[in-house]
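Colleague: Okay, here's the structure, questions in a sec.
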Amino acid sequence: MQGDAFLKCINPQCGLEYPIESTNVQCEKGHLLDVKYKKTPSDNLKEIFSNRGRMDQNIIFNESGVWRFRELLNFCQIDTENIEQCSKFLVSLDGSEGRQSKPYHMTKAADFIGISSNNLWLQPEGYNPSGSFKDNGMATAVTHAKMVGAKKIVCASTGNTSASAGMFAANEGINCDVYIPAGQIAPGKLSQAYQFGAQIVEVDGNFDDALRQSLDDAKNHGGYTVNSINPFRIEGQKTIPFRALEYLKWESPDWIVYPGGALGNTSSCGKALMELYEWGWIKKIPRIAVINAEGANTLSDLYNGKFEDEELRWNKGNPNAELIDRYYAHLDKENKRPKTKATAIQIGRPANILKGLRALEFTNGVVTSVSDSEMLDGMSVVGLNGFDCEMASGASVAGIKKLMNEEIIKKDDIVVGILTGRQKDAMLPVEYHNNPQNKFAIPPKN
Ligand SMILES: *Cc1c(COP(=O)(O)O)cnc(C)c1O
Ligand SMILES: [Zn+2]
């Protein structure tokens with residue numbers, strides 16, 4: 001198929017290209033890949049998208065918060081108006097991925113942060129069908145898996161990836177193997193993977209070990225990898241900022257804030273903004289802020305010059321990759337394992353670090369880290385607004401607060417924070433509220 005979409009290495013000195021049907025997640029020199037499109041989408045699509053979102057046409061691809069933007073991620077190269085073709089190619093859980101997601105004002109979170117409620121938007125991605133933002137990218141990755149005839153999808157997971165992969169695999173009738181760090185997954189996430197019939201593979205080690213093993217097994221046994229190093233995951237996750245920007249009438253906020261784990265979200269937000277800016281859909285580039293957990297702060301350390309006094313940058317495609325290698329060697333030597341109760345971001349070797357750096361450079365971004373107790377407060381105050389989110393998502397709230405205190409985010413800035421997932425760790429809020437020392441605790445009476 002000779003078409004509009006192809007894969008291209010992100011390293012400008014390398015730039016190797018592959019056909020869109022390729023299942024490589026890296027070029028042959030080991031660099032990450034981007035999905036690229038030759039055509040520029042026309043800007044009257046903005047109106048088409050919002051009509052799709054509004055109208056009840058009983059077309060699941062218009063209800064889906066991912067596929068209603070299908071012209072901007074048309075790697076299947078289908079006629080996007082032809083619903084029969086959409087049904088044949090696009091993987092969707094009855095239009096539910098991304099459907100409930102939009103930004104909200106949350107007054108109690110705004111008070112806690114110390115920002116005017118009008119300036120703060122929080123976008124819950126936890127109301128996706130499997131309970132996290134992962135469904136946005138999994139719908140597209142499994143679409144590509146189906147397009148290339150994959151029989152089995154494979155992933156390593158801190159929990160939500162496995163829930164999402166298991167759900168779509170079950171719905172599409174394909175097999176799913178999930179590699180998990182034994183004993184380090186929230187039970188609510190693990191149980192979803194079991195329930196969806198995924199084959200769990202327990203790895204004695206942490207997430208980084210599980211990812212290595214899953215990539216090897218995928219390569220040697222014909223599995224299709226659906227971790228966020230898969231460039232098609234990144235395509236679907238672009239719709240998270242698309243929905244935020246659409247809701248804000250394509251007027252850019254000053255900031256978009258994410259928790260940072262493997263940095264798939266950071267990468268996809270960066271790619272979305274690069275494309276929108278290039279097409280002239282947005283005039284201003286929002287700054288991305290990435291919030292690490294203090295116990296899993298590889299990006300924060302490297303970006304902020306905490307290791308060997310060098311501030312790691314994308315540097316127009318010439319990042320100091322040796323610095324990253326030396327940092328990882330240092331972690332190994334010190335036997336330093338990522339450690340946070342926010343298991344979704346308990347990652348020491350973010351697989352998308354280079355795409356993340358590219359996103360930070362394009363958006364003049366910042367990186368910081370927050371403690372477990374700050375994340376728990378962030379999570380809890382979101383709950384007091386009637387939304388639940390998991391601990392890792394609390395990093396967005398805690399990070400905005402920290403960056404405001406440091407006057408990096410200014411009082412009048414418009415901020416969009418992404419709440420990445422729903423509460424699946426049932427005991428966490430119970431423990432939090434039973435400890436009267438916690439800021440928002442409402443202990444039980446007897
Ligand atoms: C996966 C996940 C993250 C980390 O996202 P990355 O794209 O890997 O940085 C954060 N929060 C939740 C709830 C997650 O499931
Ligand atoms: Zn390359």
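The values are calculated or read from the model by the stated rules, or taken from the named source; none is laboratory data. In this text the structure is predicted, and so the values were computed from the model without any measurement. Every residue, glycine as well, gets a Cβ built from its backbone with ideal geometry; the counts of neighbours run over all protein chains shown. What goes into the accessible areas is simple: the full protein's heavy atoms, side chains included, and nothing from ligands, DNA or RNA. Shrake-Rupley method; radii C 1.70, N 1.55, O 1.52, S 1.80 Å.
Colleague: Name every residue in the range 1-23 that is near ligand 2 (Cβ under 10 Å from one of its atoms), open to solvent by less than 20 Å² (accessible area, probe 1.4 Å) and not in a loop (DSSP other than H, G, I, E, B), in order of residue number.
Modeller: Listed by number, the list holds a single entry, 9.
Colleague: Mind checking which residues of the range 304-318 are open to solvent by 60 Å² or more (accessible area, probe 1.4 Å) and either among the β-branched types (Val, Ile, Thr) or not in a loop (DSSP other than H, G, I, E, B) (or both)?
Modeller: The answer is 315, 316.
Colleague: A further question on this structure: Go through the range 182-276 and tell me which helices (runs of 4 or more DSSP H), entirely inside it, have 2 or more residues that are more than 25 Å from residue 390 (Cβ to Cβ), at pLDDT 95 or above and open to solvent by 20 Å² or more (accessible area, probe 1.4 Å).
Modeller: Of the helices (runs of 4 or more DSSP H) lying wholly inside the range 182-276, none has at least 2 residues that are more than 25 Å from residue 390 (Cβ to Cβ), at pLDDT 95 or above and open to solvent by 20 Å² or more (accessible area, probe 1.4 Å).
Conditions (1) within 21 Å of the chain's Cα centre (by Cα); (2) farther than 27 Å from residue 439 by Cα, marked per residue:
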residue	(1), (2)
329	no, yes
334	no, yes
344	yes, no
359	yes, yes
362	yes, yes
378	yes, no
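Colleague: Which numbered condition trips up residue 72, out of (1) among the aliphatic types (A, V, I, L, M); (2) closer than 19 Å to residue 280 by Cα; (3) within 16 Å of ligand 2 (Cβ to nearest atom)?
Modeller: Going through (1) among the aliphatic types (A, V, I, L, M); (2) closer than 19 Å to residue 280 by Cα; (3) within 16 Å of ligand 2 (Cβ to nearest atom) one by one, residue 72 breaks only (3).
So that you can scan it fast, the table gives a plain yes or no per residue for (1) under 24 Å from residue 69 (Cβ atoms); (2) within 13 Å of ligand 1 (Cβ to nearest atom); (3) without any contact (Cβ under 8 Å) to a residue 24 or more places away in the chain:
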{"position": "253", "(1), (2), (3)": "yes, no, no"}
{"position": "259", "(1), (2), (3)": "yes, yes, no"}
{"position": "302", "(1), (2), (3)": "no, no, no"}
{"position": "308", "(1), (2), (3)": "no, no, yes"}
{"position": "311", "(1), (2), (3)": "no, no, yes"}
{"position": "326", "(1), (2), (3)": "no, no, yes"}
{"position": "337", "(1), (2), (3)": "no, no, no"}
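Colleague: Tell me the residue from 152, 134 that is open to solvent by 10 Å² or more (accessible area, probe 1.4 Å) and closer than 27 Å to residue 400 by Cβ, please.
Modeller: 134 is the lone residue from the list that is open to solvent by 10 Å² or more (accessible area, probe 1.4 Å) and closer than 27 Å to residue 400 by Cβ.
Colleague: Any idea which of 361, 407 is of a type in the set (D, E, K, R), surrounded by fewer than 21 Cβ atoms within 10 Å (Cβ to Cβ), modelled with pLDDT of 95 or more and in a loop (DSSP other than H, G, I, E, B)?
Modeller: On inspection, the qualifying residue turns out to be 407.
Colleague: Go through the residues of the range 285-303 one by one and say whether even a single one is at pLDDT below 95, within 25 Å of residue 422 (Cα to Cα), in contact with a helix residue (DSSP H, G or I) (Cβ under 8 Å, 6 or more places away or on another chain) and part of a loop (DSSP other than H, G, I, E, B).
Modeller: no
Colleague: Right, next: Restricting to the range 24-44, what's the tally of residues that are within 16 Å of ligand 2 (Cβ to nearest atom) and either under 28 Å from residue 220 (Cβ atoms) or polar (S, T, N, Q) (or both)?
Modeller: 12
Colleague: Let me ask you something else. Please enumerate the residues belonging to the range 131-159 that are touching a Phe, Trp or Tyr at 6+ places or on another chain (Cβ under 8 Å) and within 11 Å of residue 192 (Cβ to Cβ).
Modeller: 157
Table: residues versus (1) in a loop (DSSP other than H, G, I, E, B); (2) among the aromatic types (Phe, Trp, Tyr); (3) more than 16 Å from ligand 2 (Cβ to nearest atom); (4) crowded, with 22+ Cβ neighbours inside 10 Å.
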{"site": "351", "(1), (2), (3), (4)": "yes, no, no, yes"}
{"site": "369", "(1), (2), (3), (4)": "no, no, yes, yes"}
{"site": "378", "(1), (2), (3), (4)": "no, no, yes, yes"}
{"site": "382", "(1), (2), (3), (4)": "no, no, yes, yes"}
{"site": "386", "(1), (2), (3), (4)": "yes, no, yes, no"}
{"site": "399", "(1), (2), (3), (4)": "no, no, yes, yes"}
{"site": "423", "(1), (2), (3), (4)": "yes, no, yes, no"}
{"site": "430", "(1), (2), (3), (4)": "no, no, yes, no"}
